[in-house]
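Only the coordinates and a few stated rules stand behind these numbers; no lab work does. No experiment lies behind these values; they were computed from the predicted model shown. Glycine gets a Cβ as well: all are built from the backbone with ideal geometry, and neighbour counts include every protein chain shown.
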């Protein structure tokens, strides 16, 4: 195995399968990278292309161009916002505003610098049919000097049924050397006809050890800071960066205080605290706070069962105080309610109403 694939940390089954494809010279036309979100699918796709090109054209090094997502090496397709008066016949970027285009450039730059970064564009809710049509134009251009090229489709489940149907023939019979890689954590949202044309490779969550190694060796982060965040990473490098970006220690403290003030019925105080905490990016930070609350309640259940491995270790005193005061409270219901409230954010529910719902559900615990 040469350096590109062997350098990847974790995902051994996926890497072994990709290496078998290469060794047999029997590369599928389309591969579906499914499983846990943001655990290296994008990075593996690029390393796979580097491996293919280094074997077939060893005298040339295309790594930098691949890392920069340059065409013709990679056609990169992501969900995009819809421009004003845009029609399916327009080019995907033709009707976007200068502000939209600048935001897109900034997000792509972040993805290029950090393959674990998750692109986030305002109102980019689906992969447009004109993006699929642009793929077809890309496929018609001949690049004989490149034995392999990739079409990477991020969040492939956000293709509409029409978009997926438009892609089917290209998936089944792409030009020689073109490989489609569809990336999604929701493969069940893809049409059966789309999935049946792909070889599915499920990715798993990264171990804490793998995350620590990658963050320290590839991103040069402080080891002590990394060790604090990793228990909350849920196996995802991207989540570590999100937590650090929004102030990890502050988020933990805010979570504890939201729980304390809500159960103490200090409604004005908790509303002010939440609004201050989420001010930078409400839609991104509210789900984080909900997940941290769920983690805290799970830690309570672990502590009650005598399990020592809790994530809120530095706030263990709050857990013990809760147990001594509310030992008989069943927590499954509040965890279930918080989980459902978090899901509602995806459906553009009014955040103010959602926050009030969180507070009142938490305050109800102290009545029992």
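Here are a few things to note about the model shown:
- Here residue 3 and residue 68 are evaluated by their C-beta separation; at R0 = 22 Å the FRET efficiency comes out at 0.70.
- Normalised radius of gyration (Cα atoms, divided by 2.2 N^0.38 Å) for the stretch 165-309: 1.43.
- Here is the P(r) of the stretch 132-189: all C-alpha pair distances, binned every 10 Å from 0, give 21, 55, 21, 3 in whole percents.
- Projection of the Cα convex hull of the stretch 43-162, averaged over all directions and equal to a quarter of that hull's surface, yields 7.9 nm².
- The chain, helix-only ellipticity at 222 nm - DSSP H runs n ≥ 4, -39,500 (n - 2.57), divided by all residues, nearest 500: -16500 deg cm²/dmol
- The convex hull drawn around the Cα atoms of the stretch 1-112, when projected onto a plane and averaged over every direction, covers 8.8 nm².
- Taking every alpha-carbon pair within the stretch 116-160, the share separated by more than 13 Å comes to 67 percent.
- Equivalent ellipsoid semi-axes, the stretch 99-246, via Cα gyration tensor eigenvalues times 5, rooted, Å: 32, 18, 17
- Length released on extending from residue 20 to residue 89, taking residue separation times 0.36 nm less the Cα-Cα span: 20.8 nm
- For the stretch 3-204, a Kirkwood radius taken over Cα pairs fed into Stokes-Einstein (10 °C, viscosity 1.306 mPa s) yields D = 92 µm²/s.
- Against the chain, whose longest principal axis is taken from its Cα atoms, helix 161-172 shows a tilt of about 40°.
- The stretch 227-368 gives an Rg/Rh value of 0.93, both radii derived from C-alpha positions and Rh following Kirkwood.
- Estimated at 0.36 nm per residue, the fully extended path between residue 272 and residue 199 surpasses their Cα-Cα distance by 21.3 nm.
- The share of Cα pairs per 5 Å bin across the stretch 1-53, counted from zero up to the longest distance, runs 4, 19, 36, 26, 12, 2 percent.
- Result for the chain in a Gaussian network model with C-alpha springs under 10 Å: among 156, 30, 284, the largest mean-square fluctuation is at 284.
- Cα-projected label distance for residue 309 with residue 217, points at 7 Å along beta-carbon direction, nm: 2.3 nm
- 0 to 90° range, to nearest 10: angle between helix 129-140 axis and the chain longest Cα axis: 30 degrees
- Considering every alpha-carbon pair of the stretch 287-368, the percent of pairs per 10 Å bin, from zero through the bin containing the longest distance, is 17, 49, 28, 7.
- Projected label distance in nm at residue 105 and residue 227, using a 7 Å step from Cα toward the beta-carbon: 4.3 nm
- Two-decimal Rg/Rh across the chain, once Rg and the Kirkwood Rh are taken from alpha-carbon atoms: 1.01
- 0 to 90° range, to nearest 10: angle between helix 248-263 axis and the chain longest Cα axis: 40 degrees
- Virtual spin-label span in nm between residue 186 and residue 134, 7 Å along Cα→Cβ: 2.2 nm
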